[in-house]
Amino acid sequence: MRDLIKILIWLFFVFLAVIVQTNRFLELNGVNPNLILLFILLAVIWEKEFRKALILIFLIIALSTVVLPYWSKQILTLGGLGLLALLFKKFLTGGILGDFLILILLGSLGFYLITDYQYFFTDPIAIIAELFYNMGLGAILIIILKFFQRQTKLA
Amino acid sequence: MGLFLIWFYRGKIFIGLDNFKNLSQSLGELRLENQGLRLEIAELKNKLNLQSQLYLTARVYSRYPFNDNQSLIIDAGSQAGVQAGWPVLTAENYLLGKVIKVKADTSEVRTIFSSDWRSAVRIGQAGIEALLAGGRQPKLELIPVGTRINLDDEVFSVSPDLPMNLFIGKVSEINSQPAASLQEVKLKTDYDLNQIRQVLIITDYEGFD
């Protein structure tokens, strides 16, 4: 039951993130953060159990594909990157924030390398800007989650 | 009794008559303005030679959520007769992009904000030719240094695969380096891509690819 509530909370926030991303509510100077990637990588980092992280990644991909059916190729690429991150998680440092930022860096670059490598030549500034934007939001996300985790433990 | 009622409500009757007079005056002014605007539209249409163009209206379903592309999905597809290559406008004569993929009920539109958009354009009254390179902020390239371009010069499409003289935007910034042989110009549009909910598709258009 507790796991189900946890999954529903995850799905609520993922749904919110997909809506924010597709409507470009957080767009800054034409640069939109990749919130779907952030949530996939957050599932990789935050969930200790391999099986639970895997289920979360599949659910995020399924939900994103339902909301954004026209861009399923890109969303599946993000899912693939999430699975790779999950497989290679054990080789990371173990620190949540540091590992999350490393994964965001690799994930953001990997995404454009797979889906549209020419983008590195046409607008490299946008890639760098998105990279910093994703990492900044990722750091904020971890800080908020850690804060709530501490509050729950205290309660 | 009738006279008493008229005497009792005389103030309100006069106020009402005044309001009616003001309203009919405003209506007359609006009619004149409307007539003037209609004439202006007709004149512009004649100038652009597009009065016989047929349009199909479509709603924007979805926008590409990542940064490498600025495509749109619209709710008109092959069932509505849409074909790949047809030009897409934000409003009459305002170029937005063109249809690149068609499904039964939907189509994908590549916009001038897509990083892979390239088309020939003409700048200002002088008709200076340049290459429009799409992106977050579209740019005009391949303009020789020394070419006289001013801020707010209007930019029109002259690409063979699009109708002639579709308005694209205005010059917003000119980057001219003395050492370089070419100058680069940034383009601004009158609209925000995020705000577009509806587009016009020019139907029955056969360009030269």
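What follows is calculated from the coordinates using simple rules that are stated; it is not laboratory data. Since we're looking at a predicted model, the values are computed, not measured. Ideal geometry is used to build each Cβ from the backbone, glycine not excepted, and the neighbour counts take in all protein chains shown.
Using a cutoff of 8 angstrom between alpha carbon atoms and counting only pairs six or more residues apart, the relative contact order for chain A works out to 24 percent.
Residue separation times 0.36 nm, minus the C-alpha to C-alpha distance between residue B:24 and residue B:91: what's the value?
Details: separation 67, 0.36 × 67 = 24.12 nm, distance 3.20 nm.
Additional length available on full extension: 20.9 nm.
Placing a label point 7 Å from the Cα of residue A:62 along the Cα-to-Cβ direction, the residues of the range A:21-52 whose backbone N falls under 14 Å from that point are A:52. Pairs of Cα atoms nearer than 8 Å and 6+ residues apart set the relative contact order; for the range A:59-147 it is 28 percent. Across the options B:157, B:131, B:74, the greatest Cα extent toward the positive end of the charge dipole of the range B:54-209 (unit charges at beta carbon of Lys, Arg, Asp, Glu) belongs to B:74. At full extension, residue B:118 and residue B:176 could sit 18.8 nm farther apart than now, given 0.36 nm per residue minus the alpha carbon distance.
Peptide B:58-66 has a mean shielding of 6, counted as Cβ atoms of other protein chains within 10 Å of each residue's Cβ. Overall, the ratio between the Cα radius of gyration of the range A:2-154 and 2.2 N^0.38 Å, rounded to two decimals, is 1.01. For chain A, the longest principal axis of the Cα atoms and the long axis of helix A:2-23 meet at an angle of about 20 degrees.
Starting from 0.36 nm per residue, how many nanometres of slack lie between residue B:141 and residue B:59 once their C-alpha separation is accounted for?
Full-extension gain reported as 26.3 nm.
Could you check which residue among A:77, A:65, A:93 shows the biggest mean-square fluctuation in a GNM of chain A with a 10 Å Cα cutoff? Ranking A:77, A:65, A:93 by mean-square fluctuation puts A:93 first. Modelled spin labels at residue B:206 and residue A:3, positioned 7 Å past Cα toward Cβ, are 6.2 nm from each other.
Could you calculate the FRET efficiency of residue A:55 with residue A:26 from 1/(1 + (r/R0)^6), where r is the beta carbon distance between them and R0 is 22 Å, rounded to 0.05?
Numbers: r = 27 Å, r/R0 = 1.23.
So the FRET efficiency works out to roughly 0.20.
What separates the Cα centres of the range A:38-107 and the range B:136-209 is a distance of 39 Å.
Between helix A:50-67 and chain A there is an angle of about 50 degrees, using the helix long axis and the longest principal axis of the Cα atoms. Evaluated at q = 0.22 Å⁻¹, a Debye calculation over the C-alpha positions of the range B:100-205 (equal weights, vacuum) places log10 I(q)/I(0) at -1.26. For the protein assembly as shown, the gyration tensor built on C-alpha atoms gives an oblate shape. Its axis ratio a/c (a ≥ b ≥ c) is at least 1.5, and a/b is not larger than b/c.
Using the Cβ-Cβ distance between residue B:150 and residue B:191 with R0 set to 22 Å, the FRET efficiency works out to roughly 0.50.
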